[in-house]
Each structure stands twice: as C-alpha cells, then as structure tokens.
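As structure tokens, the structure follows; a few thoughts come after it.
Read-outs: derived from the displayed coordinates by stated rules, not from any lab. Note that the coordinates shown come from a computational prediction; the quantities given were computed from them, not determined experimentally. Glycine also receives a Cβ, built like all others from the backbone with ideal geometry; neighbour counts cover every protein chain displayed.
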Amino acid sequence: MIRKYRIGNPIATDSVVKEIPVEQDNIPYFERNDEAKELTFSLDKDDKVFGLGETVRGMNKRGWLYTSNNSDEPNHTENKHSLYASQNFFVVFSKVRQFGVYVDNPGRVSLDVGYTSLDKLIISFEDFDADVYIVEGKSVIDIVAEFRGIIGQSYIPPRWAFGFGQSRWSYMTADEVREVADRYKEAGIPLDMIYLDIDYMERYKDFTVDESAFPEFPKFVDEMKARGIHLVPIIDAGVKIEEGYDVYEEGVEKGYFVKKENGENLVAAVWPGRVHFPDFLNDKARAWFGNKYKVLLDQGIDGFWNDMNEPAIFYTEDHLNEVFDQLEEYKGKNLDIKSFFEFKELVGSIDNYPEDYKRFYHDYKGKKIRHDKVHNIFGYNMTRAAGEAFEKLSPDKRILMFSRSSYIGMHRYGGIWHGDNHSWWAHLLLNIQQMPAVNMCGFLYTGADIGGFGSDTTEDLVLRWTAFGIFTPLFRNHSAMGTRRQEMYRFDSVNVFRNFVRLRYALIPYLYSEFMKAALGDKMLFKPLCFEYDDDRSAQVEDQLLLGESIMLAPVYTQNASGRYVYLPEDMKLVRMRAFDDYDEEVMSAGDHYVEAGLDEILVFIRKGHVLPLTTPEKGLSDGDYDMTYICYEADPDSYELYTDDGVSRL
Ligand code: GLC
C-alpha cells in the first residue's frame, strides 16, 4: 500500500507516474518539525536501512549523512556526502516491521541515517516542500515492487548492450579505435562496443565529429558495425559558445539556454571553455536538444552516454571575474596563516562553486525557477530529452543510453554508470554494494568503470573487477586520461580475460532473462542476502549478492587474497568457473566457508531448486537459438524460464 503526503508546495519532478491522492493526516512513522524543516524517525536497534541508490558506504546505510545534491565528485571516498545522483528512496526494516519512504523534492535534501544521533533518522530540507510517499508491504521485496510500480517501467537497452564495451578517455582517432578492435580480435576477446569520449568531437562541441581525426564518420561507423562493434559517443551538457555553431546559434535565437536573473544567458565553462546550458527543464528546449541526437543517429550511431550533467561547472564567467578582482588584494602581500588559507580557498573555489548554482533560472512548467531549487533533476531531464526524442526518432528500435547524473524518474529513459571511481580495491567493493541500492530506485541498466577510472590500475584489480563486472548489465572497462592503460590485451593474463569475457557472453541468456523479468515485473536484479533470507547473519553480509532467481555471487575484492570467506544462508552448489566450458561443481552446506578463488576463477553459487542456463559465447547475443547447458541444483532444467525476444524492438 502506498500513501502520499504533501509538505508545503513541492515542485513537481514527474518521477512518479501514477496518480495517488494526497492524504490529509500526519505522515506515519515520522515526527514533523516545521521550524527545523525536518522529519524524524526513531530507529530501533535492529532496524536496517537500505536504498538511497548511488551513494558512498555500505549496503545498510545506517551511520552516515547522505546529502542529495548532485555533484561532479571524482573522489568517492567515505567522507563524502554527495555523489552524482539523488535517489531518495529507502526501506527501513527489521523482523518486526518494514516500510519504504520516497522523498520527492528536486532540491537539496539531507538524509541523516543515525549520523547525528545513532538511533535517529532525520530527513531535513532546504525548502520544506515535498511529496513524501510511505510504502508498506509484506516484505522488503514487496515494498520495492510497490514503489517501482508507481515510478514507471525501467529503461530497457538493446540486447547488444549486454556485450562487452571498451572505453578510454579518449581514443583520439579512428585509427586508434581500429587498433583497439584489432587487438581485441587478435586476443580472441569478444567486443561489442567501443566508446568515444570527448575527443571525437570538433573542439568539444556536442553533435559534431572532428573530421580530421574521424574522417568520413558514417563510413567509419558502418565499417565498425560490419565488425560487430557499436560506437557509443559521449554527449556533454554544456553547449560551446562559438559563432557559426548551429546548436549554439539556435539555442540563443530560440531562448533555450538557462538564464541569469537579468535575462542574459549564463556563461559557464566546461571542456570546450565557455558554454551555455540548455534548459532541459523547459519542454520546448528539451524537445529541441533531444532532436539533435538525430545528427548522430543519422550517421549510424545507436547508443550514447550523457555526461557532466549535474551540471559540472569548471567556472562561471561571473565568479571567475569576482575571483580575479579579489586576487588583486593578495598581490605582493605576505600571506600569513589566515590569508594564505583564504587565498587558497578562493582559487580552489572556482569549480562547482555552490553560489554559481543560484545564479541561473529555468523556465519549468510555466514558472521561472532558480536552479538550486530543481538542481537534482537537471541531468534527469537531459537524459529525458534524449529518451523522449528516441521514441520519435527511432520508434521501432531501442537506443542505448546511460547518464552520469540522475534522479528517480530518469530510470525510465536510461541507465547510469557509477561515475569517476578509482582503481582502488575499495571501489570494487563499492560497486558491489551500490548495485542493489540503484536497483531499488529503478535503475537496472548500470555498471561501474571496470578496472577503475582514475589512478593507475593493476592487473589483479582488473581481473577481479572483471570477474564481478561480467555480471553487471553495463559491462565496460573505462579509464581516465593520464592513467595506466587497461585494455585487457595489454596484460599477461590475456587468456584469463578471454575466458572471463567469453563466460559473460555465455551468461547473457540468463542475465538478459533476469534483467527483462526485473524490468517488466518491477523487480530487483541484484539483492542483498537479507532481502530473501531472514536469518541474522544474512543481515550482516555486505559483500555478497543475489543475482536474479538462481545465483549468489561472492566476489573477491581484496588484493593478494587467494580466496574469501563466504556465508551460505542455505545449502548451495558452488560452481567454480574458469571458463564457460571449464568448471567444477560442489555442493556446500549452509554456514561459513573459506573458499579458494584464484585470479583465474569466478565463484558462482546456485541456490537450491534453481538452474543456471549457459550457452556458448558465440550464441550469447542471439535471438534465442541457444546451445544450452543447464547447471542445476536439485532442479529440473525445464523449470527455468528463459526470456527471449529480438533484442531491439521497443516494448
Ligand atoms: C568525466 C566522465 C568520464 C569521462 C571524462 C571525459 O569525468 O565521468 O567518464 O571520461 O569526463 O569526458
């Protein structure tokens, strides 16, 4: 059962698609304090709090302050309060009670989950305006399904997007892209996507292609397609200010860019230098920008990633001028303890400067609204622009789309990737822990940068991360400029990488079936153990996942480990996999085990009464004409229901 309560006069976000009448009585569970702009709930010792989507820390969110304030944050360390997303849905549960809460407010919201006070959950608002939904059900899984039922069906990518993708910031030329494809082919590692990062564009202008680096682009797209590879270009939120650039000129002429109080277009800067931001919240501007994707669709492109859409701001012209003016005061001065730190802060304050987000306005649903009030739905609406346009531009065929910034509601238009992680073991664990949380909020097509984006990676990290990544819907190896190269063919263990990626393809019938069941049935693909097992130990497990109906994963995420402890909530069958056609099976009893796992092995646990179907890697992306093998644990192969379709038609 879902009940909706209204505080003040909230700005609509279109995240909920079902009409629900507003209740007139008090919000259950919470104490409301209008003066402090807070809702408070007393947590019992045994209450667990799961959800909140893409945030730092563990699966159980107790013990930290999470602030929904979409941020261009490249260091996902546990001291941070905000990452790129605002996904304000969580479930509180114990053996005696359970309920879900969705806080719908597009501005800054703080979720203090036992941070200020160990046993208090305090939701505080900058503006005390929100729709608050209280979701009740028999179990956590029911509550999540109920919630998902009101926010609309999750985005479904084309099936080929379940293949493997290689990315790098940036492959600078068509020849460099060809080389990546050649080397993967030589290595015998399947590859379905190569991502184009910002340098494919002409001077970082959206919807352009640098002709000198990528000559005859449509031909190149065809050439790669003939090799079975989709090129997936990045699109950034900022539009370069440049005379003669059609997107800039049209946006200015039609008034589609965000404006300052005085009516002038905001001048900010991102990769291209000075840019204007399209007003994605304005229906007309959104339709206009969405239609621009046609430029690339017409050249054969069928997938995109939307970036820097929090939006990231390197500087605004106004703040930069303020900083330059103030810097004058420091010239020739003996910087002492106070002035030195002030100086440092002044210079360091230019990017993503909080005050800048209060300097511009949107034309949203017929009203002029200051950006910070609707900040968290900016990236959502950029991706919505694309998603709405694709329905018209590509009515029959699904288009791959995922975004960095998000808000609940965006899950209908695209997936997400988990942003600029680092080549740190802790971020492999974070990847594992974020998966169920984003699923709860409707985001199913997701994955992190495998191997890590920032910092230099190591071969064992890429191996272990790939061993987990083969199970995530978005399976992409991506890394930042200046870091150690991490394409799989560069490492000694190329045979192991080949086996892992081929195993991924062999698993696609299962992964795609489970994904589709989750998307069509409002289910989670990844679940913490305690969502299905109610023993006390399961509630403590933060590094194992249930994936779909049949399997449990226990990835190794520490360096130099020859295995790991695994907790089995019931008897399970361990399948130790080296390749799709090379594995051992062993039934293990419920309880704790130390399980060896070499760098060339992947641990898959089959649940009792369940089946893991496997095809050959060559057939993984086919329409259902599989050569199937079934690994069963006390189950009949026929009991597994495969989902098949043509993989591209819209549903
Ligand atoms: C941002 C993105 C990253 C990309 C880079 C350059 O940092 O998160 O994935 O490679 O920009 O476009």
Looking across region 153-201 at residues that are basic (Lys, Arg) and buried (at least 19 other Cβ atoms within 10 Å of the Cβ), the single one that is nearest to the ligand (Cβ to nearest atom) is Arg168
Wholly inside region 511-600, strands (runs of 3 or more DSSP E) that include 3 or more residues that are over 22 Å from Lys61 (Cα atoms) are 563-568, 572-579, 582-588, 591-596
Across (1) aliphatic (A, V, I, L, M); (2) surrounded by fewer than 24 Cβ atoms within 10 Å (Cβ to Cβ); (3) within 15 Å of the ligand (Cβ to nearest atom), Leu429 clears everything bar (3)
(1) within 16 Å of the ligand (Cβ to nearest atom); (2) touching a residue at least 40 places away in the same chain (Cβ under 8 Å) all hold for Gly482 apart from (2)
Flagged in region 432-449 as part of a loop (DSSP other than H, G, I, E, B) and away from the ligand (no atom under 16 Å from the Cβ), in numbering order, are Cys441, Gly442, Phe443, Leu444, Tyr445
Glu310 meets each of (1) more than 27 Å from the chain's Cα centre (by Cα); (2) within 16 Å of the ligand (Cβ to nearest atom); (3) of a type in the set (Asp, Glu) with one exception, condition (1)
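A quick yes/no check of all residues on (1) touching a residue at least 24 places away in the same chain (Cβ under 8 Å); (2) within 17 Å of Arg227 (Cα to Cα); (3) not in a helix (DSSP H, G or I):
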{"site": "Asp142", "(1), (2), (3)": "no, no, no"}
{"site": "Ala145", "(1), (2), (3)": "yes, no, no"}
{"site": "Ile150", "(1), (2), (3)": "yes, no, no"}
{"site": "Tyr171", "(1), (2), (3)": "yes, no, yes"}
{"site": "Glu176", "(1), (2), (3)": "no, yes, no"}
{"site": "Ala181", "(1), (2), (3)": "yes, yes, no"}
In region 58-91, anything surrounded by fewer than 20 Cβ atoms within 10 Å (Cβ to Cβ), away from the ligand (no atom under 16 Å from the Cβ) and basic (Lys, Arg) is listed as Arg62
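For the structure I just gave you, tell me whether Ile150 is surrounded by fewer than 19 Cβ atoms within 10 Å (Cβ to Cβ), away from the ligand (no atom under 16 Å from the Cβ) and β-branched (Val, Ile, Thr).
Details: surrounded by fewer than 19 Cβ atoms within 10 Å (Cβ to Cβ): yes; away from the ligand (no atom under 16 Å from the Cβ): yes; β-branched (Val, Ile, Thr): yes.
Against the criterion (surrounded by fewer than 19 Cβ atoms within 10 Å (Cβ to Cβ), away from the ligand (no atom under 16 Å from the Cβ) and β-branched (Val, Ile, Thr)), Ile150 qualifies.
For Asp623, indicate whether it is touching a residue at least 12 places away in the same chain (Cβ under 8 Å), among the acidic types (Asp, Glu) and outside any loop (DSSP other than H, G, I, E, B). Full working, then the answer.
Numbers: touching a residue at least 12 places away in the same chain (Cβ under 8 Å): yes; among the acidic types (Asp, Glu): yes; outside any loop (DSSP other than H, G, I, E, B): no.
No, not satisfied.
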Of (1) over 17 Å from Gly228 (Cα atoms); (2) in contact with an Asp or Glu (Cβ under 8 Å, 6 or more places away or on another chain); (3) touching a residue at least 40 places away in the same chain (Cβ under 8 Å), Gln166 fails just (1)
Sole miss for His362 among (1) within 16 Å of the ligand (Cβ to nearest atom); (2) outside any helix (DSSP H, G or I); (3) surrounded by 21 or more Cβ atoms within 10 Å (Cβ to Cβ); (4) not aliphatic (A, V, I, L, M) is condition (1)
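Looking at region 454-476, is at least one residue touching a His at 6+ places or on another chain (Cβ under 7 Å) and within 16 Å of the ligand (Cβ to nearest atom)?
Within region 454-476, the subset touching a His at 6+ places or on another chain (Cβ under 7 Å) is 454-455.
Still in the list and also within 16 Å of the ligand (Cβ to nearest atom): 454-455.
Yes, region 454-476 has at least one match.
Filter the strands (runs of 3 or more DSSP E) completely within region 225-280 down to those with at least 3 residues that are without any contact (Cβ under 8 Å) to a residue 60 or more places away in the chain.
Details: elements: 230-236, 268-270, 273-276.
Strands (runs of 3 or more DSSP E) meeting the threshold: 273-276.
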